[in-house]
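Inspection log for the structure reproduced underneath, given as structure tokens.
What follows draws every value from the coordinates through simple rules; no lab data is involved. Here the structure is a predicted model, which is why all the values come from computation and not from measurement. Reconstructed Cβ throughout: ideal geometry from the backbone, glycine too, with neighbour counts over all protein chains shown.
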Amino acid sequence: MPAPLGIIRETWEWRWRLLGHTWVTLYETLAGFGLSIAVGTPLAVMLVYSPVLRDAVYPIVVVAQAIPKVAIAPVLLLLLGAGEVSKVVVAFSVAFFPIVVDTATGLAATPPELLDLSRSYRASAFKTFVKVRFPTALPFFFSGLKVAVTLSVIGAVVGEFIGSDKGLGYVIVSATSYWKSNLAFGAMGILAILAMALFGLVELVERLVCPWYAVSERDAGAPAGR
């Protein structure tokens with residue numbers, strides 16, 4: 001195990017090159033994460049509103065998630081090439097599942113009395129979704145996002161492990177090949193910081209979009225009698 005001071009020194013010496021590799025991994029992570037939101041959220045809505053589609057598609061989604069992404073990455077590399085697209089698709093495949101599951105769970109968990117109230121006001125299905133179902137499901141949605149954004153980092157790095165000439169995953173593979181353990185641990189530290197920063201960013205957006213949920217969480221964690 002390298003000494004912490006040696007890791008810091010080596011990382012500082014490589015800081016400018018690591019900055020470029022960090023940008024590549026960040027781009028792949030955010031692209032895969034954004035794609036998972038764009039595809040996973042509408043799919044979750046369709047699964048909740050269509051029992052036939054849920055019975056047909058949901059098992060396929062579960063089976064696709066059960067396949068190890070390390071096994072999928074080489075196939076995607078052959079199909080899509082060694083560029084950034086294959087890494088984005090790997091990141092998407094990892095982050096896709098929690099968004100679908102958590103969003104569908106939140107939409108299905110809408111209290112029946114709220115749905116009855118919206119029907120009593122003769123609200124359309126679209127207005128009920130916008131005003132009742134989706135706001136109620138937002139805490140579940142953001143829970144899925146917080147899991148998905150950290151998994152996107154893992155997916156991007158797995159893709160870089162398989163075949164790449166840039167990115168923090170490539171730095172780790174190259175550093176270990178040349179016995180540069182300080183540099184490898186430095187790159188892993190940057191990945192950890194990157195994942196925590198993205199997680200914190202999603203949590204900040206959650207607090208801005210769902211302030212009532214943040215207040216309820218704080219009240220639930222407060223000691224009794226206060």
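Remarks
- Close Lys pairs in region 94-202, defined as Cα atoms under 30 Å apart and 8 or more places apart or on different chains, number 4.
- Kirkwood Rh (inverse of mean 1/r, distinct Cα pairs), the chain, angstrom: 19.6 Å
- Theoretical gain in end-to-end length, ALA82 to ARG9 [0.36 nm per residue, Cα-Cα removed]: 23.1 nm
- When the Gaussian network model of the chain links Cα atoms closer than 10 Å, the mean-square fluctuations of LEU198, LEU30, LEU208 top out at LEU208.
- Springs join every pair of Cα atoms under 10 Å in this Gaussian network model of the chain, and among ARG15, ARG133, ARG119 the largest mean-square fluctuation is at ARG119.
- Normalised contact order of the chain, rounded percent, pairs of Cα under 8 Å and 6 or more residues apart: 28 percent
- FRET efficiency estimate (nearest 0.05) - Cβ-Cβ, ARG17 to SER124, R0 41 angstrom: 0.15
- In the chain, the DSSP-assigned H stretches of four residues or longer account for a calculated mean residue ellipticity at 222 nm of -28500 deg cm²/dmol, using -39500 (n - 2.57) per stretch and the full residue count as denominator.
- Amide H contacts under 5 Å for LYS166: none, restricted to partners 5 or more places along the chain or on a different chain, H placed in the peptide plane at 1.01 Å from N.
- Helix axis angle, 134-162 relative to the chain longest principal axis, alpha carbon, degrees: 20 degrees
- For region 70-185, the calculated P(r) over all alpha carbon pairs, in 10 Å bins from 0 to the bin holding the longest distance, is 14, 28, 22, 16, 12, 6, 1 percent.
- Once both labels are positioned 7 Å from their Cα atoms along Cα-to-Cβ, the gap between ALA197 and LYS131 label points is 4.2 nm.
- Region 71-140 and region 167-192 have their alpha-carbon centroids 34 Å apart.
- Computed from phi, the 3J(HN,Hα) profile of region 90-104 under the Karplus parametrisation 6.51, -1.76, 1.60 (θ = phi - 60°) reads 5, 4, 4, 5, 7, 7, 5, 5, x, 5, 5, 5, 5, 5, 4 Hz, with x in place of Gly and Pro.
- Inter-site label distance for TYR49 and ARG207 at 7 Å from Cα along Cβ, in nm: 3.4 nm
- Cα point-scatterer Debye curve for region 19-103, base-10 log of I(q)/I(0) at q = 0.11, 0.15, 0.23, 0.27 Å⁻¹: -0.34, -0.60, -1.10, -1.27
- With the highest mean first, a sort of the peptides 63-76, 164-177 on other beta-carbon atoms found within 10 angstrom per residue produces 164-177, 63-76.
- Relative contact order (%) - criterion: Cα under 8 Å, at least six apart; region: region 1-116: 39 percent
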